[in-house]
Each structure stands twice: as structure tokens, then as C-alpha cells.
């Protein structure tokens, strides 16, 4: 990949990054992590990988405009079209699109190529540890989602098995076991290094929330009489 080609792809990415949880810095971190993983995978096509990393979230604006849109599917189509229109071969564009289509955590289609697996891992590593906690809170704040929800008995839920969105639910559903879903040895090792930071934050936040009146919304000592 020439510098001009990189700049072209980077420019497309910069035009499509709108929300703070999936901003340009997230893209650059994913690219850095992916190249670190690729250094341990000699069969990786670094040009396909770099293009996929830069473009993997360009479908986000379409998702924000319509929540029914899968940003991975939308981004795959947009990326492949953009690359073909700008002189890249159909084969290259298709491989990049395939990587993007399968990078989403909740996708029903697992990544197949080595480059797709590395992109998946790098993107998930940036959703783990302290960085993952911060990005999750940013995104959920944008969506108006709470830190926690209440169980039917009025106590604060730890998120396990909950259906209503909250940070605690997202931690238990995704962040807690994120490293177990990764494909590459280096990716799993990087995720393992971050696991403790996210777990400690979750435990501390849950303890602080429950300490601040877990079973009583209004402290009984506030009232002077019945």
C-alpha cells in the first residue's frame, strides 16, 4: 500500500467517525493492535488488514440514523464500493469487505480469513480493560442507558441475565468474557492483560451503588414522622 492509498482510505474513515466511543482514536488503536497481532502471524496480508481496520466502523452513521441497520453489514458494502471506485481491485475490495462484515461481537457470521480474525481480535481488545469500560460508558451515555437497573424486589441488579440495557448488563454479557471469544494467541494474551482492570471497576462500582441505598430509594432517616 502506498502512502497515497493509505491517505485516501484514512480520509474516508475520518469523514465517517462521528461518535466519541468509535472515534478516530479508536480506529488508530485498533490498527496498532492489529499490526501487533499481525507481527506474530506471518501469513497475514497487512494491506488488507490495514484497510479493514481503517474502514471497519464507517457504517456507524447509518446505524445511528436507523437502529435497525447493522453497522458491520453497512460498512462492508460501503468499504468495498469505495475501494473499487478508487482503483483497488475487486478481489482486494471484497476481502476488506468480508473482514468488516464479520468484525461485530454480536454478529452471527464468524470471521473466516486470518485478516478478519485479527481485525475481530483487535477491535475487541479495544473494548476490554480500562479502555473498554470507558468506551462502553461513553456509548451508553450517548444512548441514554443507565449504569444499572433494579430487580423486581427493588435491589440493584448485577446485570446477570438482565434484558434491559445497562452498564452492568453489558459488562456481564460482553466485557467479562471478551477474551474467551478471540481467535489469535497474541490477541488472547493482550486481552488477558487487561481483564483485571475491567473486573475491578465493575466490582467497585457495584459495591458503591449497593452501598448507597440498595434497597431504599429514600433513606428512612430523612423523615421526622410517619
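A short reminder: the numbers here are calculations on the coordinates, not readings from a lab. None of the values given here were measured: they were computed from a predicted structure. Backbone-built Cβ (ideal geometry, glycine too); neighbour counts: all protein chains shown.
Details
- Relative to the longest principal axis of the Cα atoms of the chain, the long axis of helix 90-101 makes an angle of roughly 10 degrees.
- Convex hull of alpha carbon positions in the stretch 61-108: directionally averaged projected area 3.5 nm².
- Taken along its principal axes, the alpha carbon cloud of the stretch 64-188 reaches lengths of 59, 37, 23 Å, longest axis first.
- Residues considered: 33, 182, 206. Largest GNM mean-square fluctuation over the chain, using C-alpha springs under 10 Å, is found at 206.
- Relative intensity, log₁₀ I(q)/I(0), of the stretch 78-130 from a Debye sum that treats every alpha carbon as a point, q = 0.29, 0.30 Å⁻¹: -1.03, -1.07
- Two-site label geometry, residue 86 and residue 180: point separation in nm, points 7 Å out along Cα→Cβ: 4.0 nm
- At an R0 of 22 angstrom, the distance between the Cβ atoms of residue 109 and residue 68 translates into a FRET efficiency of 0.80.
- Peptides 144-155, 34-45 ordered by average Cβ neighbours within 10 Å, highest first: 34-45, 144-155
- Listed residues 210, 101, 135, most fluctuating in the chain (Gaussian network, C-alpha, under 10 Å): 210
- Helix 71-85 vs. the chain, principal-axis angle (Cα, 0 to 90°, nearest 10): 20 degrees
- Projected onto planes of every orientation and averaged, the convex hull of the alpha-carbon atoms in the stretch 127-214 covers 5.9 nm².
- For the pair residue 143 and residue 188, the difference between a 0.36 nm per residue extended length and the Cα-Cα distance amounts to 13.3 nm.
- Principal-axis analysis of the Cα atoms of the chain puts helix 114-125 at an angle of about 30° to the longest axis.
- Its convex hull of Cα atoms gives the chain a direction-averaged projected area, equal to a quarter of the hull surface, of 14.3 nm².
- Alpha carbon convex hull of the stretch 117-173, volume per residue in cubic angstrom: 88 Å³
- Cα-based equivalent ellipsoid, the stretch 1-126: semi-axes from gyration tensor eigenvalues, Å: 19, 17, 15
- Of the peptides 7-20, 74-87, the ranking by mean beta-carbon count within 10 Å, highest at the top, reads 74-87, 7-20.
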